[in-house]
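Worksheet: one structure, shown below.
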Amino acid sequence: MTDVRQPLRGAYLPTISELHAFSACARTGSTTRAAYELSLTQSAISRSLGTLEERLGVRLFHRVRQRLVLSEAGTSFRREADRILDELDQAAMSVMAFGDQAQVLRLAVLPTFGKVWLVPRLRLFRAIMPTVTFDIVSRLDAVDFDADPFDATIQRSDMRPANAEFVPLMDERLVVVAAPEFLVGQGALEDGALARLPLLQQTTRPSLWLDWFRDAGIDPRSILRGPRFEHFDMVIAAAVSGLGIALVPEVLAEAELADGRLKLASERRLIVSAPYSLIYPERSAALDGFDAFKAWLESFRVGNSTGAG
């Protein structure tokens, strides 16, 4: 029986110092300039390059008139080397973010909800739990807690993955809004009149206007015209500029409605069946500060259906 042995992984894996040397030489085209950039000697850079090429068994650079020019293999390797170094840098900064904090909660949040509702309120939570900080990213699609590095999300409940817990926070109550000048001489409009106006579309929620007009009993086939935008904050900005009529969650347009940049263009409201919710895997309940954060979010539901606080 033939003994087939797999090569030792460490024998061909580059070291971090070799990757840094390679990346700097690819950037500068010179071991001398790379050495200056990395605060090393030129001979140390040359040794790292030689060792790296020996490990990989390929020539990464051609030496052309005292300048380093990437080979075809080097060009391909550079993309991966730069990506690895960037990911290591991000990983290090993520760990450093813990600092002297007891806990960092890693959250994925719907972009406009995070910007308009959550982030402006976090100072209130920080006042009661100063040892907890946050690492927050925007996320439009559902999270897989087995694969994604998040402790929780704030998204609609219909985005909850299997085996995750969720706490409803507030209804998504849709309203139709427009800039005041768009409605000059008109008050609230009937749905038939709305259907004849430019309707601002959101690409990630393309069925919103369909749902609105279906709920009104109006044939919705002609209402998918109009400019398209990815996020609600873009849709709201387009409505403020007078580009058309927008259908948006009321909680996300409160500031614009309060200061008069937008007006309600319909007296009707449509409540979406999937409320904004805190969604989390069971393991997150054991994190320091998580129960306090969950309770703090739930407090906005008391006596206030929008949770506007």
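Side notes on the structure shown:
- Subset of the range 200-244 that is in contact with a Lys or Arg (Cβ under 7 Å, 6 or more places away or on another chain) and closer than 21 Å to Thr112 by Cα - its residue that is surrounded by the most Cβ atoms within 10 Å (Cβ to Cβ): Gln201
- Scanning the range 284-299 for residues that are touching a strand residue (DSSP E or B) at 6+ places or on another chain (Cβ under 9 Å) and either in a helix (DSSP H, G or I) or not assigned by TED's automatic domain parsing to the domain that holds Asn163 (or both) gives Ser284, Ala285, Phe290, Ala292, Phe293, Lys294, Leu297, Glu298.
- Residues in the range 136-146 that are closer than 18 Å to Leu252 by Cα and not in a strand (DSSP E or B) were compared, and the one that is nearest to the chain's Cα centre (by Cα) is Arg139.
- In this entry, Pro249 is excluded by the filter for residues that are surrounded by fewer than 20 Cβ atoms within 10 Å (Cβ to Cβ) and outside the structural domain of Gly114 (by TED's automatic domain parsing).
- Helices (runs of 4 or more DSSP H) (entirely within the range 13-100) containing at least 1 residues that are closer than 30 Å to Phe150 by Cα: 16-28, 72-96
- You will find that of Phe98, Phe77, the residue that is at pLDDT below 90, of a type in the set (Phe, Trp, Tyr) and at negative phi is Phe98 and no other.
- Some residue of the range 117-135 being part of a helix (DSSP H, G or I), under 30 Å from Glu267 (Cβ atoms) and touching a helix residue (DSSP H, G or I) at 6+ places or on another chain (Cβ under 7 Å): yes
- Selection from the range 147-180 of residues that are of a type in the set (Gly, Ala, Ser), farther than 14 Å from Ala246 by Cβ and part of a strand (DSSP E or B): Ala152, Ala164
- When the range 9-65 is filtered for residues that are more than 17 Å from Arg78 (Cα to Cα), surrounded by 17 or more Cβ atoms within 10 Å (Cβ to Cβ) and without any contact (Cβ under 8 Å) to a residue 12 or more places away in the chain, only Ala35 remains.
The values are calculated or read from the model by the stated rules, or taken from the named source; none is laboratory data. From a predicted model like this one, the values you see are computed outputs, not experimental measurements. Ideal geometry is used to build each Cβ from the backbone, glycine not excepted, and the neighbour counts take in all protein chains shown.
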